[in-house]
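*Asks:* First the structure, then my questions, so here it is.
The values are calculated or read from the model by the stated rules, or taken from the named source; none is laboratory data. What you see is a predicted model; the values in this text were computed from it and never measured. Here the Cβ positions follow ideal geometry from the backbone for every residue, glycine too, while neighbour counts run over all protein chains shown.
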Amino acid sequence: MKKIIIIILFNFFTIIKSYALIEVDITRGNLDPLPLAVSPLHVDIKSEDYKDMKIKELGNNISEIIENNFRATGLFNPLKKEAFVQKPDIAHLKPRFEDWRLIKAQALITGKILIKDEKLKVEFRLWDLAAAKEMTALAFTTTPSNWRRVAHIISDKIYERLTGEEGYFDTRIIYVAESGPKNQRVKKLAIMDQDGAKTKYLTLGNELVLTPRFNPTNQMVTYMSYFRNMPRVYLLDIETGTQEVVGNFPGMTFAPRFSPDGKKIIMSFAKDGNSDIFTMEIETRVVERITDHSSIDTSPSFSPDGKFIAFNSDRSGLQQIYVMRSDGSGVKRITFGNGIYGTPVWSPRGDLIAFTKMRKGKFYIGVMRTDGTGERLLTENFYQEAPSWSPNGRVIVFYRETKAGLKGEGFTAKLWTIDITGYNERQLKTKTDASDPSWSSLLSK
Amino acid sequence: MIFNKNLKNVLIVIFTTLLLSACSTAKKTGTASDDAYTGKETVKYLASGVPDRVFFATNKSSLTTASRATLRKQATFLRKNKKLNVTIEGHADERGTREYNLALGERRANAARDYLMTYGISGKRISVISYGKEKPINAASTPLAWSQNRRSVTVKVN
């Protein structure tokens with residue numbers, strides 16, 4: 001499938017790029033979302049039955065997922081289908097541009113699907129309605145059960161074409177699913193598509209699990225578990241379900257994260273009341289000490305080029321954010337604002353660090369440049385933390401807890417997303433309460 | 001160098017003033033720097049008159065006078081019960097990031113362990129575990145609940 005995408009993309013992109021007239025300004029947030037029409041994909045009448053799939057509804061279902069993806073960006077305004085003036089099959093061949101312009105659409109997405117020989121064939125086109133031109137087109141084949149991913153891949157290609165940035169829809173989020181009263185929480189690892197669909201639980205809830213994080217290069221996850229009442233960092237293969245303890249430390253290991261090449265895990269190890277940062281190379285098991293200080297050093301995060309590490313430490317009194325070279329040298333404090341700073345996470349683009357700030361009983365999610373300048377607080381609340389970046393560095397997912405009543409009632413933990421502009425804050429729907437989100441890389445990359 | 005020395009003197013003066021002012025505020029209750037819980041709610045007992053837990057101020061792992069008195073009672077109790085081993089559980093309140101709180105809980109549990117050891121209890125008899133903010137004893141979101149949750153609890157393991 002990968003090959004097909006590359007070949008076809010190459011053909012269409014090279015020809016069409018110079019004609020583009022629509023431009024989405026993504027630096028401003030959602031002030032003026034672009035009106036977009038997503039026509040239901042036409043289902044070819046030659047389509048064959050596949051298992052218990054409702055093939056007739058597939059075209060509609062795919063277009064709905066695409067619409068939801070675009071609506072959630074805050075940059076686009078998918079128009080209501082009732083106003084659509086052309087049938088999907090005809091629109092896909094050649095839209096009557098003036099009719100679509102009449103409903104104020106600036107871009108149109110059309111497509112066609114065919115299920116044959118247990119394969120799902122998909123093609124779609126993106127039309128610039130003002131210029132009356134096709135902007136991009138793509139065809140690919142996959143197994144029919146992959147139809148949701150098809151919708152996300154289409155969304156990514158269109159997003160890329162319209163914004164000039166990589167998409168982030170064909171991705172998943174791993175998180176901790178929470179249930180039960182606040183002082184007897186049951187926590188399980190859970191994974192879902194970035195739009196909240198296809199939730200799957202990866203642990204049973206028998207032991208406390210915390211802070212799962214994706215490997216940026218594959219579908220491995222590192223997380224912390226209290227299995228047998230020994231708090232340790234684990235490595236989990238989501239495909240096979242196999243898991244193992246990371247390293248052979250004689251005490252608590254926590255706050256794990258992968259290096260950008262996916263080959264190392266960086267984490268904290270606590271001994272005799274002191275927490276320092278260590279790395280372990282996954283293949284060779286070689287453990288390396290990175291910090292050696294009598295303060296608490298934790299929440300480490302690599303820069304995307306692997307050369308630097310951001311972490312938080314209370315070596316100056318309260319928690320602040322520091323940056324050092326990846327061998328632990330050149331430690332430099334970067335936060336000097338009023339308040340306590342924690343959980344630095346380097347943007348995949350490398351230009352920003354997301355963080356949690358605590359000040360005067362409020363919690364903030366913010367971003368700053370990697371030298372600590374240009375701090376921007378995106379959202380303020382009673383409690384929120386644990387930012388994680390979308391793979392294109394455009395959106396941050398985090399969790400937020402509500403203030404509980406005197407018996408713990410009214411307590412909830414939910415996932416939220418916000419654009420780095422500070423606009424478009426949204427709750428990400430999860431089946432249960434949720435915390436500690438981590439965003440995967442693009443699956444189809 | 002002279003400049004440095006002067007600076008040093010100034011720093012010493014500032015430091016002593018801070019210390020003195022810290023002492024004076026410590027006597028008041030409920031200030032931000034000393035908001036350790038002093039009541040008896042939530043407390044259980046290892047034996048009659050031997051409380052199982054001590055409480056900490058926000059972001060702190062230093063033992064208060066009351067905490068040290070409690071731990072001395074625990075040490076006496078452990079000296080009398082030579083075959084008893086304990087685990088010290090360290091906890092934090094919900095007003096901090098999860099990962100930092102895990103480290104803070106560990107530091108609190110070790111502060112209690114270290115104190116027991118200075119009173120002659122072998123480190124081999126005392127294991128520690130941090131639960132960070134994962135196991136609040138009081139589920140409310142109030143300063144009182146938070147102060148009850150910032151604790152280390154000594155638990156018998158055999």
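*Asks:* Out of all the residues in the stretch A:305-319, which are part of a strand (DSSP E or B) and either more than 11 Å from chain B (Cβ to nearest Cβ) or over 23 Å from A:Val367 (Cα atoms) (or both)?
*Replies:* A:Phe308, A:Ile309, A:Ala310
*Asks:* Still on this structure, please answer the following. Of everything in the stretch B:111-128, what is at the interface with chain A (Cβ under 8 Å from one of its Cβ atoms) and free of Cβ contacts under 8 Å to residues at least 24 places away in the same chain? Give them in sequence order.
*Replies:* B:Asp114, the sole residue that qualifies.
*Asks:* Hey, B:Tyr131 hits all of (1) closer than 13 Å to B:Val54 by Cα; (2) touching a residue at least 40 places away in the same chain (Cβ under 8 Å) but one; which does it fall short on?
*Replies:* (1)
*Asks:* Considering every residue within the stretch A:365-374, establish whether at least one is within 14 Å of chain B (Cβ to nearest Cβ) and part of a strand (DSSP E or B).
*Replies:* yes
*Asks:* Another one. Residues of the stretch A:137-146 being farther than 12 Å from A:Gly111 by Cβ and surrounded by 19 or more Cβ atoms within 10 Å (Cβ to Cβ), which ones? Even if it seems obvious, please write down each step before you answer.
*Replies:* Pass one, the stretch A:137-146, residues farther than 12 Å from A:Gly111 by Cβ: A:141-146.
Result: A:Pro144, single match.
*Asks:* Now for a separate question. Search the stretch B:113-130 for residues being of a type outside the set (A, V, I, L, M) and within 15 Å of the chain's Cα centre (by Cα), and hand back the single one that is farthest from B:Val43 (Cα to Cα).
*Replies:* Step one: filter the stretch B:113-130 for residues of a type outside the set (A, V, I, L, M), giving B:113-115, B:118-120, B:122-125, B:127, B:130.
Filter once more, so that each one left must be within 15 Å of the chain's Cα centre (by Cα): B:113-115, B:130.
Working: B:Arg113: 18, B:Asp114: 21, B:Tyr115: 19, B:Ser130: 18 Å.
Filtering the stretch B:113-130 for residues that are of a type outside the set (A, V, I, L, M) and within 15 Å of the chain's Cα centre (by Cα), the one farthest from B:Val43 (Cα to Cα) comes out as B:Asp114.
*Asks:* Could you check, for the stretch A:327-338, whether at least one of its residues is in a strand (DSSP E or B), within 11 Å of chain B (Cβ to nearest Cβ) and modelled with pLDDT of 95 or more? I'd like the intermediate steps shown before the answer.
*Replies:* Residues of the stretch A:327-338 that are in a strand (DSSP E or B), as a first pass: A:332-333.
Within this subset, residues satisfying the condition of being within 11 Å of chain B (Cβ to nearest Cβ) are none.
Checked against the condition, which is being in a strand (DSSP E or B), within 11 Å of chain B (Cβ to nearest Cβ) and modelled with pLDDT of 95 or more, the stretch A:327-338 yields no hits at all.
*Asks:* Just the residues that are crowded, with 21+ Cβ neighbours inside 10 Å and over 22 Å from the mean Cα position of the chain (by Cα), please, taken from the stretch A:209-232.
*Replies:* A:Ser225, A:Pro231, A:Arg232
*Asks:* From A:Pro256, A:Pro250, grab the single residue that is more than 17 Å from the chain's Cα centre (by Cα) and buried (at least 20 other Cβ atoms within 10 Å of the Cβ).
*Replies:* Unique residue meeting the criteria: A:Pro256.
*Asks:* Give the number of residues within the stretch B:51-94 that are in a strand (DSSP E or B) and either within 14 Å of chain A (Cβ to nearest Cβ) or more than 10 Å from the chain's Cα centre (by Cα) (or both).
*Replies:* Count: 7.
*Asks:* Scan B:Ser141, B:Ser152 and give me the residue that is crowded, with 19+ Cβ neighbours inside 10 Å and more than 10 Å from chain A (Cβ to nearest Cβ).
*Replies:* Exactly one residue qualifies, and that residue is B:Ser152.
*Asks:* Kindly indicate which of A:Thr284, A:Thr279 is away from chain B (no Cβ under 14 Å) and more than 23 Å from A:Ile174 (Cα to Cα). Lay out the reasoning, then the answer.
*Replies:* Details: A:Thr279 fails: more than 23 Å from A:Ile174 (Cα to Cα).
Unique residue meeting the criteria: A:Thr284.
*Asks:* Picking from A:Gly111, A:Gly167, which residue would you name as being of a type in the set (Gly, Ala, Ser), over 30 Å from A:Asn206 (Cα atoms) and in a strand (DSSP E or B)? Step through it out loud before you land on a result.
*Replies:* Numbers: A:Gly167 fails: in a strand (DSSP E or B).
Criteria check complete, one pass: A:Gly111.
*Asks:* Would you point out which residue out of A:Gly196, A:Gly180, A:Gly164, A:Gly241 is within 14 Å of chain B (Cβ to nearest Cβ), out of contact with any Pro (no Cβ under 8 Å at 6 or more places or on another chain), surrounded by fewer than 21 Cβ atoms within 10 Å (Cβ to Cβ) and at positive phi?
*Replies:* A:Gly180 is the lone residue from the list that is within 14 Å of chain B (Cβ to nearest Cβ), out of contact with any Pro (no Cβ under 8 Å at 6 or more places or on another chain), surrounded by fewer than 21 Cβ atoms within 10 Å (Cβ to Cβ) and at positive phi.
*Asks:* Moving on. Give the residue, chosen from A:Pro387, A:Pro391, that is closer than 24 Å to A:Phe258 by Cβ and either surrounded by fewer than 21 Cβ atoms within 10 Å (Cβ to Cβ) or within 14 Å of chain B (Cβ to nearest Cβ) (or both). Let's see the steps before the verdict.
*Replies:* Numbers: A:Pro391 fails: either surrounded by fewer than 21 Cβ atoms within 10 Å (Cβ to Cβ) or within 14 Å of chain B (Cβ to nearest Cβ) (or both).
The unique qualifying residue is A:Pro387.
*Asks:* Going through the stretch A:71-99 one residue at a time, which ones are surrounded by 16 or more Cβ atoms within 10 Å (Cβ to Cβ) and not in a helix (DSSP H, G or I)?
*Replies:* Once the filter is applied, which keeps residues that are surrounded by 16 or more Cβ atoms within 10 Å (Cβ to Cβ) and not in a helix (DSSP H, G or I), the stretch A:71-99 yields A:Gly74, A:Leu75, A:Phe76, A:Asn77, A:Pro78, A:Leu79, A:Phe84, A:Gln86, A:Pro95.
*Asks:* Could I ask something else about it? Mind telling me which of the residues B:Arg150, B:Arg72 ends up being within 30 Å of A:Pro344 (Cβ to Cβ) and charged (D, E, K, R)?
*Replies:* B:Arg150
*Asks:* A follow-up question, please. When you scan the stretch A:340-352, do you find a residue that is at pLDDT 95 or above and more than 25 Å from A:Asp261 (Cα to Cα), even just one?
*Replies:* yes
*Asks:* Just to be sure before I move on: is A:Gly366 small (Gly, Ala, Ser), over 21 Å from A:Trp439 (Cβ atoms) and either out of contact with any strand residue (DSSP E or B) (no Cβ under 6 Å at 6 or more places or on another chain) or surrounded by 14 or more Cβ atoms within 10 Å (Cβ to Cβ) (or both) in the structure I sent?
*Replies:* Against the criterion (small (Gly, Ala, Ser), over 21 Å from A:Trp439 (Cβ atoms) and either out of contact with any strand residue (DSSP E or B) (no Cβ under 6 Å at 6 or more places or on another chain) or surrounded by 14 or more Cβ atoms within 10 Å (Cβ to Cβ) (or both)), A:Gly366 does not qualify.
*Asks:* Could you run through the stretch B:131-148 and say how many residues are under 15 Å from the mean Cα position of the chain (by Cα) and among the hydroxyl-bearing types (Ser, Thr, Tyr)? First the steps, then the outcome.
*Replies:* Taking the stretch B:131-148 first, the residues under 15 Å from the mean Cα position of the chain (by Cα) are B:131-133, B:146-148.
Filter once more, so that each one left must be among the hydroxyl-bearing types (Ser, Thr, Tyr): B:131, B:147.
Selection size over the stretch B:131-148: 2.
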